[in-house]
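Trainee: Have a look at the structure that comes next, please.
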């Protein structure tokens, strides 16, 4: 049965292959999978986004993304979402933003909410006061285990990546890599510290969003340390991203947040590149210690691990990615959920009739 699925992005983060956010990448992967399998994909996202299905763009405030800008963007999404549901016949609404409850549609359609971030970051009422038609989905088992009383998780659907977009390297370069958002919680300054201690060049492929706290972090903690051995190349996507990952000695993930998943770690392994990550959230679930990377609890441990990655096998990294991190598996799991919800919804309607 063909479905029409409306994916709703986080208002302040445009959706594209170059977007650093994991939520946006998962949304884009689902959008592509829906189209490839003959379903209809609608994507409500900030203007400037790019997708495979029908983009429903929303103009949001530009410049400084302060609290007022967030409120304005949420209001724009609230209005736009109501308008979309009036104009289009939709089977499932799939929401991805941390602030989803601010523009949650008042309808009887099945609504899926993927919880991409640590559960403690969401407003508690958003997770405990959901209607019966709302299904909360965790993206890792470690994340689901943090659910407190009153939070009902419908399913755990681990994230996945498009393995075909990444290949084993012909040879490795002379650099280690950080790739992702540039903000305090991601610990980019710790990657600089570790690379410096290991006497190796660090490439930083990341985005500084226009949040005041992100800008301050970049200007005070990162910019002063850029130079020959710590090089900022900004965000990359597509072939360049794949090339950088494949050529790196290793990927550094010094995140200080309780990571719920890590697409970039999966993509790195798919590229045959080991990962050295902080002992944080789901990261120990993703990395096989001493086989596809190392888990560190300090800058010193991360620096030491950099010196040992040459002994790890690119083929082992790729093999682990193929076994565990396929986007096809993730898409299939979401399609099963969509099907179960729409079938259940149809059964209720028949019984009511």
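Please treat every number below as a calculation from the coordinates, not as lab data. This is a predicted model, so every value here is computed, not measured. Virtual Cβ from ideal backbone geometry, glycine too; neighbours counted across all protein chains shown.
Trainee: Sticking to Cα atoms, compute the Rg of the chain to one decimal and its Dmax as the biggest Cα-Cα distance, whole number, in Å.
Mentor: Values for the chain (Cα only, Rg and Dmax): 20.4, 71 Å.
Trainee: Expressed in nm to one decimal, what extension gain is obtained for the pair residue 201 and residue 52 from 0.36 nm per residue of sequence separation less their Cα-Cα distance?
Mentor: 50.0 nm
Trainee: May I pose another question? Given N residues in the range 139-245, what is Rg(Cα) / (2.2 N^0.38 Å)?
Mentor: 1.33
Trainee: So, one more: Which percent of the Cα-Cα distances in the range 49-127 go past 21 Å?
Mentor: So the pairs more than 21 Å apart make up 34 percent of the total in the range 49-127.
Trainee: Would you compute, for the Cα atoms of the range 163-324, the largest minus smallest coordinate along each principal axis and list the three values in descending order, in whole Å?
Mentor: 40, 31, 30
Trainee: Say R0 is 41 Å: what FRET efficiency, to the nearest 0.05, do residue 109 and residue 68 get from their beta-carbon distance?
Mentor: 0.85
Trainee: With a point put 7 Å past each Cα toward its Cβ, work out how far residue 172 is from residue 223 in nm, to one decimal.
Mentor: 3.4 nm
Trainee: Same structure, new question: Against the 2.2 N^0.38 Å scaling, with N counting residues, where does the range 273-338 land? I'd like the Cα-based Rg ratio to two decimal places.
Mentor: Rg over 2.2 N^0.38 Å, computed on Cα atoms: 1.33.
Trainee: Shifting gears a bit: Nearest 0.05, what FRET efficiency do residue 216 and residue 123 give at R0 = 22 Å with Cβ-Cβ as r?
Mentor: 0.35
Trainee: On a C-alpha basis, how far is the centre of the range 275-304 from the centre of the range 72-116 in Å? Whole number, if you could?
Mentor: Cα centroid of the range 275-304 versus Cα centroid of the range 72-116: 37 Å apart.
Trainee: Checking the a/c ratio against 1.5 first, then a/b against b/c, what shape does the Cα gyration tensor give for the range 221-283?
Mentor: Verdict is oblate for the range 221-283.
Trainee: Here's something else I'd like to know. Give me the number: length gained by fully extending residue 133 to residue 323, i.e. 0.36 nm times residue separation minus the C-alpha to C-alpha distance, one decimal in nm.
Mentor: So the extension gain works out to 65.1 nm.
Trainee: Could I ask something else about it? Within 10 Å of each residue's Cβ, count the other Cβ atoms and sort 268, 255 from fewest upward.
Mentor: If I rank by nearby Cβ atoms, fewest first, I get 255, 268.
Trainee: Here's another thing I want to ask about it. In Å and whole numbers, how far do the C-alpha atoms of the range 112-188 stretch along each principal axis, longest first?
Mentor: Each principal axis gives a Cα extent; for the range 112-188 these are 52, 31, 18 Å.
Trainee: Further question on the same structure: Could you list 152, 320, 185 in order of exposure, starting from the residue whose Cβ has the fewest other Cβ atoms within 10 Å?
Mentor: Fewest-to-most ranking of 152, 320, 185: 152, 185, 320.
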